[in-house]
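Contents: one structure, followed by commentary.
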Amino acid sequence: GKKLGYTFNNRNLHNVSLGQGQEVVAEQALDLAAKEGHWVILQNIHLVAKWLSVLEKKLEQLSESSHQDFRVFLSAEPAPSPESHVIPQGILENSIKITNEPPTGLQANLHRALDNFSQDTLEMCSQEKEFRTILFALCYFHAVVAERRRFGPQGWNCPYPFSTGDLTISANVLHNYLQASPKVPYDDLRYLIGEIMYGGHITDDWDRRLCKTYLEEFIKPEMLEGELLLAPGFPLPGNMDYNGYHQYIDDALPPESPHLYGLHPNAQIGFLTQSSEKLLHTVLELQPRDSGSGAGGVGTREETVKALLEELLERLGDEFNMAELMAKVEERTPYAVVALQECERMNVLTREIRRSLLELELGLKGELTMTSDMENLLNSLFLDMVPESWVRRSYPSTASLGTWFANLLARSNELEAWTGDFALPSTVWLGGFFNPQSLLTAIMQTTARKNKWPLDKMALQCDVTKKSREDFASPPREGAYVHGLFMEGARWDAQAGLIADSRLQELTPAMPVVFLRAIPADKQDTRAMYPCPLYKTRQRGPTYVWTFNLKTKDSPSKWVLAGVALLLQV
């Protein structure tokens with residue numbers, strides 16, 4: 001047969017990258033290598049899931065009669081979830097498994113970024129000083145954006161697969177531009193790297209702003225004057241050789257901390273807390289579910305769930321009578337429409353909760369056959385999780401079932417009070433809405449109708465008061481007072497009326513009441529303002545609601561890097 005490999009360390013090596021119909025080539029390579037005592041590398045076996053059972057049988061056959069020097073090396077990407085594991089157990093059990101874990105910590109990431117280059121790289125550009133300085137800043141940028149993922153949504157709204165390829169291509173772009181231009185084209189470099197090389201991965205607008213801000217801080221004219229700090233206590237190094245840069249990282253980089261990424265130390269506390277909660281939740285899911293009651297026990301799973309089920313049904317309020325509410329509304333103002341829409345959504349959710357709980361109650365009594373949906377509901381109630389059928393009709397939330405249900409009842413009570421006379425409450429609980437955007441839009445619609453302004457030329461102005469909810473007895477003449485907001489990544493200094501650094505261990509301090517009113521968009525004052533995104537939960541990303549301009553004495557870029565946002569739930 002025709003040899004498929006090439007010589008490597010005095011052995012014939014057959015290297016096959018799977019996918020696109022390469023399975024036959026792989027089988028031929030295995031047959032030949034087993035006979036001759038060669039080595040075979042099969043890359044990307046996760047791409048040929050259906051063929052892996054054939055490979056398992058092939059390897060089992062060849063292990064009985066192959067040459068003693070025959071070796072097989074398999075490579076695959078890690079599966080994103082347990083359901084995606086495709087490699088047969090037989091292959092895994094008979095293999096020596098090696099994993100290539102990405103480095104952790106900024107120091108390891110920075111060394112690894114620099115490892116993609118060499119002394120020859122540093123010497124290949126005619127503008128040597130500029131090239132070396134910007135290249136080191138690029139390596140730091142790459143290390144920061146890659147490692148920032150571990151801080152969860154406060155790091156990036158979505159995780160992105162930034163790779164060494166992004167860094168090396170950016171270095172090539174840097175080299176080409178410096179060779180072609182006597183001056184450093186900072187704007188061009190930031191655009192190409194931030195919007196194309198790295199920005200090509202980014203799908204979220206707020207993440208794009210973060211990437212752009214990092215580049216504005218790291219790649220600017222001050223970097224060539226020795227005045228640039230990449231992080232507190234870590235100045236950008238001058239002109240060094242390749243080994244000198246590695247040594248500088250070991251000697252000068254401060255100990256690992258969120259400060260190196262522009263984040264507050266609270267970000268580390270939040271990340272570790274969420275990791276611990278996830279671990280404990282997983283352990284809880286692994287506990288036996290059918291253990292009987294022992295001495296001092298609390299009964300079986302079914303008994304526990306039955307007691308909880310009865311409690312939930314007892315506490316669940318009645319549905320809103322929509323026909324009665326419609327008749328009560330004298331004028332369908334934007335605010336009245338919002339209240340009615342919220343009542344309809346609440347009815348859909350409470351109707352499903354009552355239906356599913358009553359169905360499960362009959363199932364536990366033996367009057368109905370237990371279905372998979374009922375079994376899932378049973379498991380969720382036992383594990384203090386919000387059931388999937390409720391989540392689909394609900395609002396985004398990260399709370400456990402007990403907290404979530406108490407929150408649901410509070411929302412229902414707020415709606416009941418509002419729909420008593422449909423007068424706007426003195427302060428509105430924005431986090432209590434299924435769709436908070438509807439209230440914010442209603443504020444603009446009301447002002448637009450009153451003043452005959454075009455709605456698309458209007459914006460919301462956010463003024464943070466110094467008062468709490470109890471200090472307000474009536475709503476404002478225009479706009480609305482809003483309470484129930486929290487800030488993550490920083491805090492609001494009520495006395496100064498500015499964003500300020502967080503206090504240690506205060507992860508999400510509450511905001512004072514906020515006064516929202518609509519103004520013409522061209523009358524907005526954007527000086528000394530931080531455009532702060534508002535999200536429904538700490539998961540951020542798809543739970544985005546609105547953007548509020550908040551006053552700041554510091555540069556807005558500080559708060560961008562710190563991942564500062566407003567939240568409706570914590």
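The values are calculated or read from the model by the stated rules, or taken from the named source; none is laboratory data. On a predicted model such as this, the values are computed, not experimentally measured, just so you know. Virtual Cβ from ideal backbone geometry, glycine too; neighbours counted across all protein chains shown. To get the accessible areas, we keep the full protein, side chains included, count just its heavy atoms, and leave off ligands, DNA and RNA. Shrake-Rupley method; radii C 1.70, N 1.55, O 1.52, S 1.80 Å.
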With r as the distance between the Cβ atoms of MET370 and GLU324 and R0 = 35 Å, compute the FRET efficiency 1/(1 + (r/R0)^6) and round to 0.05.
0.40
Inter-part distance where segment 345-373 and segment 377-432 are each reduced to a Cα centre, Å:
18 Å
Point-to-point label distance, GLU256-GLN524, nm (Cα→Cβ direction, 7 Å offset)
4.0 nm
Show me, bin by bin at 20 Å from 0, the whole-percent P(r) of the chain based on Cα pairs.
16, 37, 35, 12, 1
Treating the Cα atoms of segment 113-165 as identical point scatterers in vacuum, please give the log10 of the normalised Debye intensity I(q)/I(0) at q = 0.15, 0.17, 0.31, 0.32 Å⁻¹, two decimals.
-0.51, -0.61, -1.20, -1.24
Spatially proximal lysines relative to LYS129 (Cα-Cα < 25 Å; intrachain offsets below 8 disregarded)
LYS183, LYS212, LYS220
Which whole-angstrom value gives the distance between the alpha carbon centres of segment 45-74 and segment 300-324?
56 Å
What figure, in Å² to the nearest 10, do you get for the accessible area of GLU56 with a 1.4 Å probe and non-protein molecules left out?
60 Å²
What do you get for the angle between helix 301-315 and the principal long axis of the chain? Use alpha-carbon atoms, 0 to 90 degrees, nearest ten.
40 degrees
Could you work out how far helix 164-180 tilts from the main Cα principal axis of the chain, as a 0 to 90 degree angle to the nearest 10?
80 degrees
Under a straight-distance cross-link criterion of Cα-Cα below 25 Å, which lysines are reachable from LYS57, leaving out those fewer than 8 residues away in the same chain?
LYS2, LYS3, LYS35, LYS97
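For LYS467 and ILE269, FRET efficiency with R0 = 30 Å and r from the beta-carbon atoms, rounded to 0.05?
Taking R0 as 30 Å, the efficiency between ILE269 and LYS467 is 0.55.
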Please report, to two decimal places, log10 I(q)/I(0) for segment 410-459 at q = 0.13, 0.15, 0.27, 0.33 Å⁻¹ as given by the Debye formula with identical point scatterers on the Cα atoms and no solvent.
-0.38, -0.49, -1.04, -1.25
Residues in segment 145-172 that a label on GLU195 would reach, taking backbone N under 20 Å of a point 7 Å out along Cα→Cβ:
166-167, 169-172
May I ask for the Kirkwood hydrodynamic radius of segment 298-423, worked out over all distinct Cα pairs and given in angstroms to one decimal?
15.9 Å
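Given the convex hull over the Cα atoms of segment 2-94, what projected area results after averaging over all orientations, in nm²? Walk me through the numbers before you get to the answer.
Details: hull surface 25.2 nm².
Hull-based average projected area comes out at 6.3 nm².
How much area per residue is accessible in the chain when the probe is 1.4 Å and only protein heavy atoms are counted (Å²)?
On a per-residue basis, the chain sits at 52 Å².
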For segment 63-180, how big is Rg over Rh, using alpha carbon atoms and the Kirkwood form of Rh?
1.13
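What does the charge count near GLY489 come to, summing +1 for each Lys or Arg and -1 for each Asp or Glu among other residues with Cβ under 12 Å from its Cβ?
Working: positive: ARG491, ARG538, ARG540, LYS558; negative: GLU488, ASP501, GLU506.
Result for the local shell: +1.
Any of LYS466/LYS553; LYS450/LYS523; LYS50/LYS278; LYS466/LYS536; LYS466/LYS551 with alpha carbons more than 21 Å apart? Name them for me.
Values: LYS466/LYS553 18 Å; LYS450/LYS523 18 Å; LYS50/LYS278 33 Å; LYS466/LYS536 23 Å; LYS466/LYS551 14 Å.
Pairs exceeding 21 Å: LYS50/LYS278; LYS466/LYS536.
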Place a label point 7 angstrom from the Cα of SER276 along the Cα-to-Cβ direction, then list the residues of segment 527-570 whose backbone nitrogen is under 20 Å away.
538-539, 570
If eta is 1.002 mPa s and T is 20 °C, what Stokes-Einstein diffusion coefficient results for segment 136-185, Kirkwood Rh from Cα pairs, in µm²/s?
174 µm²/s
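Find the all-direction average of the projected area of the Cα convex hull for segment 425-569, expressing the result in square nanometres with one decimal place. Mind dumping the intermediate values first?
Details: hull surface 35.9 nm².
Projected area, direction-averaged: 9.0 nm².
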Over every pair of different alpha-carbon atoms in segment 106-265, take the mean of 1/r and invert it; report that Kirkwood radius in Å.
15.8 Å
Using mean Cβ contacts within 10 Å as the protection proxy, how do 253-265, 116-128 order, highest first?
253-265, 116-128
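Which peptide among 451-458, 463-470 comes first, and what is the full order, when sorted by highest mean count of other Cβ atoms within 10 Å?
Values: 451-458: 11.6, 463-470: 14.8.
Order by mean packing, descending: 463-470, 451-458.
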Cα-based helix-to-principal-axis angle, 401-418 vs the chain, degrees rounded to 10
40 degrees
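Please report Rg over Rh for segment 184-271, where both radii come from the alpha carbon positions and Rh follows the Kirkwood definition. Numbers along the way, then the final one.
On the way: Rg = 14.9 Å, Rh = 14.9 Å.
A ratio of 1.00.
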With R₀ set to 25 angstrom, the calculated FRET efficiency between the beta-carbons of THR164 and GLN539, to the nearest 0.05, is 0.30
